[in-house]
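Presented below is the structure to which this report refers.
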């Protein structure tokens, strides 16, 4: 049985990159949601949660409209990078991002909100800048839960199928991620390949979730 | 010097009625106390001064610095105000040692100077031996002293203490009061302290503001307020006050005395001798108050009103005796030993201790 390991490496790479991007965006948005009130906050929060409940095909459709070769954004992307976004591995990153970022943002916001308000307040009244309050007080007090959310987001971004197939397609050796490859193998009657890939991806997900659980239970000793 | 006019309205929501905070503090006292029941707006006042919440209207001036002025749309950030805020439950950062907490506050100093300042502050607050511990490993008293020390390191313009003694037992409270007394002397900044503990207000405050439902209902020296509550509301807030209706039966301006017919709770009536009330006539109806610890209780006496004892509670230093009509006397030590005539005691209301309430 000759197994092509490319889909696995591609999936890991796509998941790592999308997790990194969603972590950066997630930290900022979580800080924004947890510490500020502004007009349209509820609507923005709802928009961010939306991908968790919409069918993948709907999301894929939106992305095709938004980022396809005919769209303004698609044209800008093509102008900057010299190639279209759709049907490339970068499109798979966008798909994974949409699949996992909402989860990370939700959990990170909850983590930030779980930090008692008196700590950032005390830091501010001691003259600490917002930057210092974030890095030295709020983040250290929420980091274990944020890392847990990151592990969870990584596991989830490995598993996207619907958005990936609509936006990045199924091009072996180029855009075929592991979940697409499994579908392909089952369709093509290569049960042995499907079995191996299924086991590997399950193992990776299990490890990520175990890690997430352990991190989630870690918390800094909280004083009175 | 604190001069703060703060006005803020919270619209009614499904779980709470509309609340308006409308207070004016103007005091040169070194330690001023905000006293009142929970929900009176004490903490909200403190948070408005610290800059954690923005009033709808008003002006906050601390010494020479304008923190907030609604008219000119000026509002300094909490960082710029540097109101050293000490929270009810210690807000020492749990992920840092005590020493790191103090260094955090001294962040703007050069490194060497910071180390020296942190060391000196730990010593001043008798914390030099526990600097390496995390807040969770400190006692309640150490945490609270640490919080105050940390605030002082950020060179605050004012020290804002939100019920700092809650959760501390009696000896630790005394220790905290001693610390605050030292701070008052050593640091030239105004201190504003929130409490709902009258003893604490009496012990620490040079000036006291009594808050109720978002308003200042009386202010002045704590002793004066306790002696002369302006209204029945204040008397009730101070506790330990007997409040009842009285009608003037006879009066003698020359002898500065009067005879009063009084009615307390559940219609219990008694007569007593009072002072002359200028401006009131025979038959005038008055609302009177008297401190529970001003009442004198004896088994036999020619003066006073006969009352039946309902309940007796022992405190550490005093006995709390509750009579008919809810009249309460606080008497020192074992003041109620020895029998009473038919279970009735003579309760004397010293005329000079009777207060006319609005």
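Values in this text are rule-based calculations from the coordinates and carry no lab data. Please read all numbers here as calculations on a predicted model, not as lab measurements. As a convention, Cβ positions derive from the backbone with ideal geometry for all residues, glycine included, and neighbour counts pool all protein chains shown.
Estimate the FRET efficiency between residue B:318 and residue B:282 by the formula 1/(1 + (r/R0)^6), using the beta-carbon distance for r and 51 Å for R0, to the nearest 0.05. Once the sixth-power term is evaluated, E becomes 0.85. Considering only A:175, A:37, A:88, the Gaussian network model of chain A with Cα springs below 10 Å gives its largest mean-square fluctuation to A:37. Segment A:155-224 and segment B:89-114 have their alpha-carbon centroids 44 Å apart.
Counting only Cα atoms, chain B measures 76, 50, 46 Å along its principal axes, largest extent leading. Evaluated at q = 0.10 Å⁻¹, the base-10 log of the normalised Debye intensity for the protein assembly as shown, with identical point scatterers placed on the Cα atoms, takes the values -0.97. At q = 0.12, 0.16 Å⁻¹, what base-10 log of I(q)/I(0) does the Debye formula yield for segment B:163-286 when every alpha carbon is treated as an equal point scatterer in vacuo? Values returned for q = 0.12, 0.16 Å⁻¹ are -0.64, -0.88. Overall dimensions of segment A:1-86, expressed as equivalent-ellipsoid semi-axes from the Cα gyration tensor (√(5λ), whole Å, largest first), are 29, 20, 15.
Counts of other chain beta carbons within 10 angstrom of each beta carbon in peptide B:83-95 average 6.
On the principal axes of its alpha-carbon atoms, segment B:146-220 has extents of 34, 29, 19 Å, going from largest to smallest. Relative contact order for segment A:6-217: 31 percent, from Cα pairs under 8 Å spaced at least 6 residues apart, divided by residue count. For segment B:245-301, the fraction of alpha-carbon pairs lying more than 12 Å apart is 68 percent, rounded to a whole number.
D for segment B:73-186, whole µm²/s, Stokes-Einstein with Kirkwood Rh over alpha-carbon pairs at 4 °C and 1.567 mPa s: what number?
Numbers: Rh = 14.4 Å.
In µm²/s, the coefficient rounds to 90.
In deg cm²/dmol and to the nearest 500, what is the mean residue ellipticity at 222 nm of chain B if only DSSP H runs of at least 4 residues count, each as -39500 (n - 2.57), divided by the residue total? Rounded to the nearest 500, it is -7000 deg cm²/dmol. Here chain A yields Rg over Rh of 1.04, to two decimals, using C-alpha coordinates and the Kirkwood radius.
Provide B:270, B:323 in ascending order of the number of other Cβ atoms located within 10 Å of each residue's Cβ, fewest first.
Values: B:270 21, B:323 24.
Listed from fewest to most nearby Cβ atoms, that is B:270, B:323.
Spatial offset of segment A:49-124 relative to segment B:246-312 amounts to 78 Å, using the alpha carbon center of each.
When the convex hull of its Cα atoms is viewed from all sides, segment B:13-125 shows a mean projected area of 10.3 nm². Within segment A:109-179, the proportion of C-alpha pairs whose separation exceeds 20 Å stands at 52%. Per the Debye calculation on segment B:241-356 with a single equal scatterer at every Cα and no solvent contribution, log₁₀ I(q)/I(0) for q = 0.19 Å⁻¹ amounts to -0.97. Per the helix-only calculation at 222 nm, which mean residue ellipticity applies to chain A, given -39500 (n - 2.57) for every DSSP H run of n ≥ 4 and division by its residues, nearest 500 deg cm²/dmol? It lands at -24000 deg cm²/dmol.
May I ask you to derive the FRET efficiency for residue A:9 and residue B:126 from their Cβ-Cβ distance with R0 = 56 Å, giving the value to the nearest 0.05?
Working: r = 61 Å, r/R0 = 1.09.
Once rounded, the FRET efficiency stands at 0.40.
A simple spin-label model places the labels of residue B:302 and residue B:26 5.2 nm from each other, with each point 7 Å out along Cα-to-Cβ.
Relative to the compact-globule estimate of 2.2 N^0.38 Å, the Cα radius of gyration of segment A:48-157 comes out at 1.42.
Were the residues from residue B:133 through residue B:65 laid out at 0.36 nm apart, the gain over their Cα-Cα distance would be 20.8 nm.
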